[in-house]
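Single-structure report; data block below.
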Amino acid sequence: MKPQNYGFLAGALMLLSAPLLAQNPIIRDNFTADPSAHVFNGRVYLYPSHDIPAPYDYNRKDWFCMADYHVYSSDNLVDWVDHGVIVDQTYVPWVNTRSYSMWAPDCNVKDGKYYFYFPANNRIGLATADQPYGPFRVEEQPIQGANGIDPCIFIDDDGTPYLIWSGMGMQIAKLKDNMKEFDGPSTTIQHNTPQSGMKEGPFMFKRNGIYYFTFPWAEKQRETLAYCMGKSPMGPFEYKGKIMEQSETVCWTNHHSVVEFQGKWYLFYHHNDYSPYFDKNRSVCIDELTFNEDGTINLVKPTLRGVGVTPATREIQIDRYSSVGPENVKIDFVNPDRTFDGWKAIFWNTTEYRQPIYLTYDRVDFGDKPLKSVTLKCHSLAGGVIDLRADNAQGQLLASVTVPGKPDWTEVVCPLQASPNGVHTLYVSMRSGNHIEIDWVRFNP
């Protein structure tokens with residue numbers, strides 16, 4: 001089959017696509033996994049794989065099923081634009097179009113051209129473009145000698161490109177300037193990580209002259225994220241520990257990338273938030289990554305809140321909270337049959353309970369002009385009162401919202417008693433009532 005320009009609408013989609021708001025997971029209308037994040041021209045571009053429900057012609061209904069790749073981008077880690085599909089299995093000449101094996105990809109730029117590497121059928125392909133969002137043209141043949149999965153394309157400070165992948169151990173090869181042929185033999189990356197457990201999904205980055213070789217590691221039943229440090233991309237590498245512990249739920253895999261953006265470092269990873277009972281449908285998340293003085297990495301604990309600043313005038317999904325009071329606040333899907341509708345926060349009370357019932361959502365930007373009202377999308381059969389404060393329980397009272405007792409979801413608008421300036425934590429508590437559900441909060445000019 002002749003290679004084609006896939007993603008020909010990408011430039012237009014950049015202008016037409018609606019932004020996808022942040023909080024974890026960051027992509028809220030598709031399953032996304034194996035996130036490869038890079039900064040190009042001051043903007044973060046995200047190249048994940050795309051989990052889909054198994055179609056009729058795929059006999060592994062219990063396995064990963066991936067047919068294409070999207071690219072997303074953001075200039076603030078909060079608003080994400082979907083640029084559409086850039087490569088599809090039906091347009092790759094050497095791929096079995098019923099294999100649904102378009103697993104973890106990666107992309108990087110060299111001399112103004114963008115190189116997108118992707119695995120399929122235990123081989124690694126290449127597509128190129130003049131823009132990070134495409135259109136991408138698929139090469140007719142896979143990379144010769146690169147047999148395996150999960151490619152990572154690392155380009156050193158001197159412009160030397162290296163292809164890294166998982167196959168019979170972690171492999172690395174220097175590439176020629178054409179980015180599709182080895183410049184010398186491939187070799188197994190030498191590292192002193194304990195040998196037990198499967199390792200895959202390599203990702204390499206460089207910071208302060210140190211090379212970081214990172215990978216998911218199935219140390220026990222589920223994958224952790226681990227890392228080594230070294231003085232050369234070819235190794236050897238010294239094992240240093242974990243970046244993230246294995247999932248506390250049933251998500252078997254994790255896969256990641258690390259990127260510096262606007263002076264901070266971030267870990268992109270995935271989890272099965274939108275598919276709690278089937279861990280082959282995953283979603284990309286972001287949390288901040290920090291380093292010690294010696295370059296070692298501090299363990300990252302996954303959060304619901306994620307990263308970035310949320311404008312107060314957007315729908316604030318308080319179920320993605322920063323902190324929460326005792327067990328009398330719960331999180332559940334708005335509609336369990338349509339998980340992409342998101343979650344709700346449930347405040348509930350019992351007669352013997354006397355502790356404050358609250359949650360907080362940090363980094364809300366109220367701007368520099370007064371806001372006039374607040375809208376709550378809420379539901380309660382018996383009704384009650386929700387208090388909104390700035391910063392904490394003793395903070396400025398912004399509004400006391402009376403939630404009516406109704407059988408359906410209601411958008412309640414309440415005037416503000418005060419309107420703070422700048423970035424604050426939103427403190428949400430139930431003053432009265434037995435059971436109040438909140439989908440989102442929005443402040444209005």
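Show me 361-371, 292-302, 112-122 ranked by packing, highest mean number of other Cβ atoms within 10 Å first.
Working: 361-371: 16.3, 292-302: 12.6, 112-122: 21.3.
Output ranking for 361-371, 292-302, 112-122: 112-122, 361-371, 292-302.
For segment 94-139, what does the convex hull of the Cα positions come to per residue, in cubic angstrom?
On the way: hull volume 3.5 nm³, N = 46.
Hull volume over Cα atoms, normalised by residue count, gives 76 Å³.
Principal axes first, then extents: for the Cα atoms of the chain, list largest minus smallest coordinate on each axis, whole Å, largest first.
Between the extreme Cα coordinates on each principal axis of the chain lie 70, 48, 42 Å.
Would you please give the residues with an amide H less than 5 Å from that of residue 334, counting only those at least 5 places away or on a separate chain, with H modeled from the backbone geometry?
342, 343, 344
Can you list the lysines whose alpha carbon sits under 21 Å from that of residue 377, skipping same-chain ones fewer than 8 residues off?
Residue 377 reaches 330, 344, 406.
Tell me which aspartates and glutamates have Cα within less than 17 Å of residue 180's Cα, excluding those fewer than 8 residues away on the same chain?
106, 111, 130, 139, 140, 150, 156
Using the alpha-carbon centroid of each, what span in Å lies between segment 166-235 and segment 367-445?
After rounding, the separation between the Cα centres reads 49 Å.
Quick one: which of 176/240; 206/280; 110/264; 199/242; 199/220; 110/174 span more than 20 angstrom between C-alpha atoms? Don't jump to the answer; show the numbers that get you there.
Numbers: 176/240 31 Å; 206/280 31 Å; 110/264 23 Å; 199/242 13 Å; 199/220 11 Å; 110/174 14 Å.
As for pairs spanning more than 20 Å Cα to Cα, those are 176/240; 206/280; 110/264.
Taking Rh as the Kirkwood radius computed over C-alpha pairs, what is the Stokes-Einstein D of segment 127-285 at 20 °C in a medium of viscosity 1.002 mPa s, expressed in µm² per second? All intermediate terms of the calculation are to be shown ahead of the outcome.
On the way: Rh = 16.9 Å.
Translational diffusion coefficient: 127 µm²/s.
Kindly write out, for segment 90-96 in residue order, the coupling ³J(HN,Hα) from the Karplus curve 6.51 cos²θ - 1.76 cosθ + 1.60 (θ = phi - 60°), rounded to whole Hz, with x marking Gly and Pro.
Each residue of segment 90-96 in turn: 6, 10, 9, x, 9, 9, 5 Hz.
Quote the FRET efficiency, to the nearest 0.05, computed for residue 262 versus residue 381 with a Förster distance R0 of 60 Å and r equal to the Cβ-Cβ distance. List each step's numbers first, then the result.
Details: r = 46 Å, r/R0 = 0.76.
Efficiency, rounded to the nearest 0.05: 0.85.
Could you give me the ³J(HN,Hα) list for segment 306-322, computed from phi with Karplus coefficients 6.51, -1.76, 1.60 and θ = phi - 60°, whole Hz, x at Gly and Pro?
Here the 3J(HN,Hα) series is x, 10, x, 9, 9, x, 5, 7, 8, 6, 8, 7, 5, 5, 8, 5, 8 Hz.
Highest mean first, what order results for 179-189, 235-245 on Cβ atoms within 10 Å?
On the way: 179-189: 14.5, 235-245: 17.4.
So the order, starting with the most tightly packed, is 235-245, 179-189.
Comparing 144, 89, 171, which has the greatest mean-square fluctuation in the GNM of the chain with Cα pairs linked when under 10 Å apart?
Per the Cα network of the chain with a 10 Å cutoff, 144 tops the list.
Amide H to amide H, which residues 5 or more places from residue 86 or on other chains are under 5 Å from it, using H placed in the peptide plane?
69, 70, 71
Using only C-alpha atoms and all pairs of different ones, pull out the Kirkwood radius for segment 270-387 in Å with one decimal. Please list the in-between numbers first.
Working: mean 1/r = 0.0583 Å⁻¹.
So the Kirkwood estimate lands at 17.2 Å.
Identify, among 204, 56, 189, the residue whose Cα sits farthest towards the positive end of the charge dipole of the chain, taking +1 on the Cβ of Lys and Arg and -1 on the Cβ of Asp and Glu, with the dipole about the Cα centre.
Final value for the positive-end residue is 56.
Here, each number is a calculation from the coordinates, and none is a lab measurement. Because the structure is predicted, anything quoted here is derived from the model rather than measured. Virtual Cβ from ideal backbone geometry, glycine too; neighbours counted across all protein chains shown.
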